[in-house]
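Worksheet: the structure to be examined is printed underneath.
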Amino acid sequence: MSTLYLVLALVGGLANLGSGIGAMVRLKVILPLMDGAHVPHSMLVFPIGVLKVLGGLGLLVGLLGFPLVGTAAAAGLVLFWTCAIHTHILANFWPKETVGTFTFLGLAITTLALGLAL
């Protein structure tokens with residue numbers, strides 16, 4: 001396991017875990033973003049929060065000696081964040097926080113690519 005993969009999986013795992021927990025507790029800062037993207041608040045816990053938490057946990061479990069779990073989690077997060085960007089495209093909604101969505105996607109893609117290369 002490379003140091004780069006270790007850092008990316010750790011950062012990605014913790015970031016997605018935190019983002020998922022934030023969605024599940026319905027942080028007030030998230031609600032206007034959901035409204036702008038035309039996503040119902042009822043989706044914050046499931047599927048949004050749950051998928052982020054599971055993806056983050058999967059990346060961390062991958063670091064504990066289960067690399068296939070980490071690779072599968074990275075693939076799932078690539079799909080999740082791609083769908084998030086697609087939602088922004090459909091809503092034509094581009095607040096400054098959208099950079100975070102692209103950052104999460106880039107982190108997931110890089111983690112997946114490195115996981116497949118190892």
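What are the residues in the stretch 14-29 that are surrounded by 15 or more Cβ atoms within 10 Å (Cβ to Cβ), under 11 Å from the mean Cα position of the chain (by Cα) and without any contact (Cβ under 8 Å) to a residue 60 or more places away in the chain, if any?
Those that are surrounded by 15 or more Cβ atoms within 10 Å (Cβ to Cβ), under 11 Å from the mean Cα position of the chain (by Cα) and without any contact (Cβ under 8 Å) to a residue 60 or more places away in the chain: L17, G20.
Specify which of the listed residues (T71, T87) is polar (S, T, N, Q), in contact (Cβ under 8 Å) with a residue 24 or more places away in the chain and surrounded by fewer than 19 Cβ atoms within 10 Å (Cβ to Cβ).
None of the others qualify; the one that does is T87.
List the residue pairs whose Cβ atoms are under 8 Å apart, where the first residue sits in the stretch 30-44 and is over 14 Å from L90 (Cβ atoms), the second is small (G, A, S) and at pLDDT 95 or above, and the two are 6 or more positions apart or on different chains.
Final answer for the pair search is I30/G22; I30/A23; L44/A23.
If you check every pair at least six apart or on different chains, which have Cβ atoms under 8 Å apart with a residue in the stretch 1-12 that is closer than 16 Å to L64 by Cβ first and a residue that is aromatic (F, W, Y) and exposed (fewer than 14 other Cβ atoms within 10 Å of the Cβ) second?
As it stands, the answer is none, since no pair meets every condition given.
Determine whether V45 is within 11 Å of the chain's Cα centre (by Cα), at pLDDT 95 or above and among the hydrophobic types (A, V, I, L, M, F, W, C).
no
Being over 15 Å from F80 (Cβ atoms) and in a helix (DSSP H, G or I) is the filter here; which residues of the stretch 23-33 pass it?
Scanning the stretch 23-33 gives L31, P32, L33.
The values are calculated or read from the model by the stated rules, or taken from the named source; none is laboratory data. Note that the structure is a prediction, hence the values are computed from the model and not measured. Cβ sites come from the backbone with ideal geometry, for glycine too, and all protein chains shown count toward neighbours.
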